[in-house]
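So the structure is just underneath, and the comments pick up after that.
The values are calculated or read from the model by the stated rules, or taken from the named source; none is laboratory data. Values in this document were obtained by computation on a predicted structure and should not be read as measured data. Cβ placement follows ideal geometry from the backbone for every residue including glycine, while neighbour counts extend to all protein chains displayed.
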Amino acid sequence: MLIKAARRLRGDSLARNSLLIMATTVVNGGLGYLYWMLAARCVPASEIGTATALISAATAVSMITQLGAGHMFIQRLPGSDPAAWSRIVSGGLIFGAAATAAAATATALIVPRVAGNFGFLAGLPGLAALVCAAVAVTLTTLLDNVYVAHRAGHGMLVRNLAVAAGKILALLAILSFPAGHAGWAEAVLLSWTLPTLLVSGLTVIVGPGRLRPGARLRPAGIRAELPHLWTALTGHHLINLAQAGPAALLPVLVTARLGSDANAHFYLAWMTASMLFMVSPAVASALYAERTNAARAGVRRAAAVVLALVGAPAVLLLSAGDAILGLFSAGYAAEGGLLLKILVVAALPDAVTNLAVAHWRSRGDFRRCRRLNAARAGSCLLLTWLLLPVLGVTGAGVAWLAGQTTSALLVAILAMRQVFGPGASDGTFGLAVDHRRNSGTASDAVGEPVRVHLESAKDRQRAGGKPGGFR
């Protein structure tokens, strides 16, 4: 039976690559958990709070400035010749890193002047730390999307394993040297950033030839990518920003409203729950990659993969979340136990929205994706700002759950309108498509091949390709 299941998995690229992406999540989550456990036991909570606040700020800056290059890779790389492949990836990485560095510099110069809790960013050390951390996040995220584009989840898994293990080894090496409390936050940040940059550099050197024989990353000709990056910015990037922005900004808001100590308690609960929140985005990315590679991939099958991967960890976190947080210290369990349970519950509506966005994105319905994610992001961030002073760090969890539930209800309303409203056809979660206007292959909820189309000329342009669909 196990052999039969393994053969079936090998032949199902959606499930296989979803599982490989999730294995990457498990590696990052498990080794990341060990990393922060070691840091929490060796470094004062205030210094952990400073380091995690800076990492959160770097993640937020990276999220804002990636230019949509990651999903542009997924859309354009399949089928590209080596020269075009090299230009696409080189342009995305170089312009994405440059935009991230510029935004991080501006953030370090401006934010400490308007938010006292971010005073640690003031000065050259804070600026350099934020720029390096933000560029590291951008590079590793974009490189992961290159592997997703080729449905090569095994390469992404190996790369992230090296990064996560490198962080632990770097932390142990740095903590073995004596340091005053004033230097603990910098030590933690250095151990987190340096391995990410080193592995990303190695990937840039070794990866292209393995993914696309004959390809080589180089800056020559990347100016030709600027129009594609602009359309990706106005299409994919706005969707991604509204989808993932709140997750990156929550720790920043906690720091701004409650301070670094509170952020330490929030961040570790958030990191523990993140193993669930990374499942549906990973499966959604795999679903989108399947469709851009003209493969069969249905929303129902993707939903089944999500439920299979989320179920057991969710039960574990609900039943033993306090004990897990207690491994850091009793204080983390006391402050973050209820927060963790709320975040676990929020994983279900979050998955509904992420899969809906992946489906509509593959059909070119970018406007609907933007509006749905904007409603989710707006409600989550506004409620977080209002509830933090009242409920403490738990308020961020309540706001997150409310935002995810709001967007899931909107998905249900839109699906019901398509099933029972005017022009309804087969009742398969908005999967009825126009068979007369076609530009690429996808599949419906039951796995039968259908033809999909982009909804308008404007959205064709925003998709980053020529009229006629995904390339």
The listed residue being of a type outside the set (Asp, Glu), within 21 Å of Ala134 (Cα to Cα) and in contact with a Cys (Cβ under 8 Å, 6 or more places away or on another chain), out of Leu161, Leu197: Leu197
Arg113 vs. criteria surrounded by fewer than 24 Cβ atoms within 10 Å (Cβ to Cβ), charged (D, E, K, R) and over 28 Å from Ser18 (Cβ atoms): yes
Test: Ala45 is among the hydrophobic types (A, V, I, L, M, F, W, C), farther than 30 Å from Leu287 by Cβ and in contact with a Phe, Trp or Tyr (Cβ under 9 Å, 6 or more places away or on another chain): yes
Ala273 being within 16 Å of the chain's Cα centre (by Cα), crowded, with 21+ Cβ neighbours inside 10 Å and in contact (Cβ under 8 Å) with a residue 24 or more places away in the chain: yes
Residue within region 117-130 that is in contact with a helix residue (DSSP H, G or I) (Cβ under 8 Å, 6 or more places away or on another chain), in a helix (DSSP H, G or I), in contact (Cβ under 8 Å) with a residue 24 or more places away in the chain and over 28 Å from Ser176 (Cβ atoms) present: yes
Check on Val114, out of contact with any His (no Cβ under 6 Å at 6 or more places or on another chain) and at pLDDT 80 or above: no
Given (1) in a helix (DSSP H, G or I); (2) modelled with pLDDT under 90; (3) over 17 Å from Ala224 (Cα atoms), number of the condition Ala84 does not satisfy: (3)
Some residue of region 335-352 being outside any helix (DSSP H, G or I) and surrounded by fewer than 20 Cβ atoms within 10 Å (Cβ to Cβ): no
Filter result for Pro219 (within 19 Å of Ala69 (Cα to Cα), exposed (fewer than 13 other Cβ atoms within 10 Å of the Cβ) and without any contact (Cβ under 8 Å) to a residue 60 or more places away in the chain): no
Answer from Val199, Val206 - the residue that is free of Cβ contacts under 8 Å to residues at least 60 places away in the same chain, part of a helix (DSSP H, G or I), among the β-branched types (Val, Ile, Thr) and buried (at least 17 other Cβ atoms within 10 Å of the Cβ): Val199
Sole residue being at pLDDT 70 or above and either buried (at least 21 other Cβ atoms within 10 Å of the Cβ) or not aliphatic (A, V, I, L, M) (or both), chosen from Ala23, Ala39: Ala39
Filtered residues of region 119-136 (kept if surrounded by fewer than 23 Cβ atoms within 10 Å (Cβ to Cβ) and within 22 Å of the chain's Cα centre (by Cα)): Val131, Cys132
Qualifying residues in region 226-235 (those that are of a type in the set (A, V, I, L, M, F, W, C) and farther than 10 Å from Gly91 by Cβ) - the one surrounded by the fewest Cβ atoms within 10 Å (Cβ to Cβ): Trp230
Among residues of region 265-284, those that are assigned to a helix (DSSP H, G or I) and under 18 Å from Ile21 (Cα atoms), counted: 13
Every residue from region 197-225 that is farther than 14 Å from Ser90 by Cβ, β-branched (Val, Ile, Thr) and within 22 Å of the chain's Cα centre (by Cα): Val199
Meets criteria (surrounded by 24 or more Cβ atoms within 10 Å (Cβ to Cβ), over 17 Å from the mean Cα position of the chain (by Cα) and not aromatic (Phe, Trp, Tyr)) for Leu391: no
Pairs where the first residue, in region 345-368, is aromatic (Phe, Trp, Tyr) and the second is buried (at least 24 other Cβ atoms within 10 Å of the Cβ), C-beta under 6 Å, 6+ apart: Trp360/Cys369; Phe366/Gly235; Phe366/Arg462
Residue match in region 319-329 (condition: surrounded by fewer than 24 Cβ atoms within 10 Å (Cβ to Cβ), touching a strand residue (DSSP E or B) at 6+ places or on another chain (Cβ under 7 Å) and outside any helix (DSSP H, G or I)): no
